[in-house]
Structure formats: structure tokens, C-alpha cells
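In what follows, a structure is listed as C-alpha cells, so that the remarks can point back to it.
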Amino acid sequence: MAAPVDPATRKKVLKVVFFSLLLDLFYRNLEAPGSFSSKTQSPTLLAHILQYLNAYKASFARPIDSRYDIVLLGGALGSLFSLLQAIASPIIGTLSDRYGRRTALLCSMTGNILSVLLWVMATDFRTFLLSRVVGGLSEGNVQLAIAIATDISDEKQRGATMALVGICFSISFTFGPALGAWLSSISTVAANPFATAAAFSLFLIVTETVYLYMCLPETLPSKVAEAKLNGQSVATKGITKPVTRSAAKSTQGDVVSSNPDGKKTFQRTNSHFLLNLTHLGFILFFSGMEFSLPFMTYDLFGYSSAMNGRLLGFMGLVASLLQGGITRRLSPLLSVRIGVVSCLLALFLLARINTVGGLYAAASLLAVTTATVVTGLNALSSFEAGEDERGGKLGNLRSWGQLGRGVGPLLFTSVYWWAGREVAYTIGGMGVLAVSTVVFFGLKTPKGTEGKRIKDANVDEIEL
């Protein structure tokens, strides 16, 4: 068992995690390819990338509007970032298990600052691309925030804490585009959109780093227990409940057993491979649908970027309300099951709609999916990991998801333009149906958490 965390410390850490994640996600929303003048762009790298994108567009029988060029370029950069995250996430998670969450997070923030500095100094596309590479290899804020949240939560509080992390995503999803639109309305920003976005992102990331350095305590249970037993000052000053030497040595979860060598092993109900595979399959189809949605709304309804922004804002708002009021009251497995069914219904609906009302009905179902699936999978993965391996296991889960996010948009968009909307979304629906089969018949409620629901958590302890 981990050293118990008192409510005051838990509340303090959750506040730090919540506000730092908001800063991080708002800064991520500002990252974009931008535009490079003919004088400053690299005539080799950017020209080659655009040449490949044009060749990709020309491979389809139907003409692809040039208005999608910047979207495709942004998608290519997003895929690169996700694939780099797939490589880096397990490493960052494992390092946090060894050296502590706070140390790993501050190192990650150092890499993020370097990434944004490269962006600020970029005068050609090559330097901007380098900044994305550095950012992809160093970004660990989300997975470490989840690891920190699990460190300070017991089984009853775990799902509620995961929902709190999900709320951060929904808020940034809701207000991030609006923030970008507001900034673009300022004359100075409109005249220098690339430089202003870079400078504002640097301000946000430095502010987040200083805030974390000043306010975030160490939460890795083994580090906290070791420091207390050695009489050292502990960053988590609010942890005042006594910790015995035997409790400090037991850094595994509640469900443990001893092998013939006397070493404690964690008994798992669901294999991490199955959880990771479920995450990969879900994100593969969900991210592909998500990326193709603006193409579909333009083709069917002539939606502008502003109208698509309102649609995404609606989804984010609904997801925020669901996570704050409903998701945290569900068991993690039930949360995942509800989400994949909602996604399945949304995909089959998107394949057949021809009215704006139908579009918003599908968006409502997708908001349910956004509010439930990843939150539930993170909670399930944390239940299946001991305290000394939780960062690595959560990093692996994120890695598989980022792999799906890296290739999903390319595959889904290709099917969309080759075979049309009905075929693409029907295939996506069949893929999610396969994922749903695994969720309903392959995943089980972890041992030791049967009958425990998220609503059993003390709401006062997670109140911001």
C-alpha cells in the first residue's frame, strides 16, 4: 500500500495538475504550421513536403480543393508529433518510476521550452519542423499528470481523478479555438500571426514550468516514503499520516502475491497488452474520423472554419459537463463501454446524415465518447499496475494510442476520398464494433475494485 495522502494534500496537488494541464493544452492549441513567405521558407524541405502532399491529393479520382493544403500539412505534422510521442512516452513513464514524477515532469518541461524557443527563432520551415521533433520527443505532461493523479488517489477516487484530467482536455477543446480566433482579431497578431503565436506559447510554457517548480510536490509513493523514513524534508508537506517501514517497502497495489523467490508480484485481471491494443484500435478509428470531420462538413453543408469551430466547441462543452457530472460517477469499465457504443452509433449516423440536426446529434454522441473512453482506459490501466511501474504502464498505454493517432488520419482520409463518406464511416463503424467486442467480452473489472463506483469518492476532496 502507498503512504496515505490526506485530503488537503490531494486537493493541492490536483489544483496544480489541473491548472498546469490547462496551460499546456492551450499552448498546444496554438501550435500550427503557420505560413512562411517565399523569402524565408526552405526551398528544399517544405517544397518536397508540399510536393508529396500534392501527389497524395492527385492520387484520388475526385479533385481535392487547395483549401485543404494547410489542413493536410498540419495533419502531417500532427502525425509526426504523435509517432514521436509513441517512441518517447514509455521512456518518460519509466524514468518517472525511477526518479520521481516531479523530476521527470520538470525535465519534460525543459524540453518543451527548448521546442518553443526553436519555434520562436524559426525563420524557415526546417527550424520549425525541428521544434516539432524536439517537442514530440520531450512532451510528457499528459501522461505524467495522469500518473501523479493516480499516485494520490485510492481505488474509489481513481476514476473521479481521471475524469478531472479529461475535463482539462474538454475545456481546452472548447475554448482553445475561441482563444485563437480572438487573438487573430487583434491587429498586431493578424499582422504577425506566426511570431505572435510562438511568443504567446513561450509565455504560457515558461509560466507553467515556474508554476510546477514552485507548487508541485513529489508524489511517487516510494520516493515520499523513503524521504519520510530517512528524516528528510518531504515535498508533499500535507502528507501527515504515519508511514511505517513495512508500508514503505510495500510499493505495490492491494492485490499482490509472492512467487517462490519471495518477490511480490502484482496480480492482473486485464493484461496490459489487451488494454493497449484496445486503446490503439479505438484511437485509430476515432482520430481518423475526427480529422475527416471538417472535410465532411464542408462537402455536405459548406461549413467554414468558424462553423467547424462552433461544432467542436459544442462537443467540448458537452464533454466537459458529462465528465464533471456523470463520468466520475461511473466505474471505469462501464465508462469505456458506454463510450465505444456511442462512438459506434455516431459513425453509422455520420455515414448517412444529410441535415445539420443529424450532424449535431452525431456530435453529441461523439462528446459522450470523448468524455468516457480514454478516461476509463487510463483508470483501468492504473488499476492493473503496481506503484513502482505505474508511470511506465501508463506511458505504454499512451504510446499505443499515439501510434493510432499517427496513422489513423492518413488511413481514414484516404478511404474517405477514395470511396466516399458512406464507405469510410461504415468501415470506421465496423472497426469500432470490433473494439466494442473486445471491451464487452475481453475486459473485466479489476480484482479488488468490484462494486466500487466513482461516486463513492469524497467530492470535497477533488473540488477545485
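The values are calculated or read from the model by the stated rules, or taken from the named source; none is laboratory data. Since we're looking at a predicted model, the values are computed, not measured. Cβ coordinates were reconstructed from backbone atoms using ideal geometry, including for glycine residues, and neighbour counts include every protein chain displayed. Calculation scope for accessible area: heavy atoms of the full protein, side chains included, ligands and nucleic acids excluded. Shrake-Rupley method; radii C 1.70, N 1.55, O 1.52, S 1.80 Å.
Local charge sum around Leu118 (other residues, Cβ-Cβ under 11 Å, Lys/Arg +1, Asp/Glu -1)? Result for the neighbourhood of Leu118: +2.
Here the spin labels are modelled as points 7 Å beyond Cα on the Cα-Cβ line, and at Val71 and Arg98 they lie 4.4 nm apart.
Stretched out straight at 0.36 nm per residue, the stretch from Ile87 to Phe19 would grow longer than its current Cα-Cα span by 21.8 nm. With N the number of residues in segment 317-414, Rg(Cα) / (2.2 N^0.38 Å) evaluates to 1.23.
Leaving out ligands, DNA and RNA, and with a 1.4 Å probe, what % of the accessible surface on segment 281-321 is carbon or sulfur? Taking all protein chains in place, segment 281-321 shows 71 percent carbon and sulfur surface. For the peptides 87-98, 349-360, the ranking by packing is 87-98, 349-360, with the highest mean count of neighbouring Cβ atoms within 10 Å listed first.
Count Lys and Arg as plus one, Asp and Glu as minus one, and take only other residues whose Cβ is under 14 Å from that of Gly429; the net charge is then +1. Taking max minus min of the alpha-carbon positions on each principal axis, segment 43-158 gives extents of 55, 35, 20 Å, largest first.
One decimal place: the segment Thr355-Ala8 gains 119.9 nm when fully extended, by the rule 0.36 nm per residue minus the C-alpha distance. With a Förster radius of 22 Å applied to the C-beta separation of Ala55 and Leu410, the computed FRET efficiency comes to 0.95.
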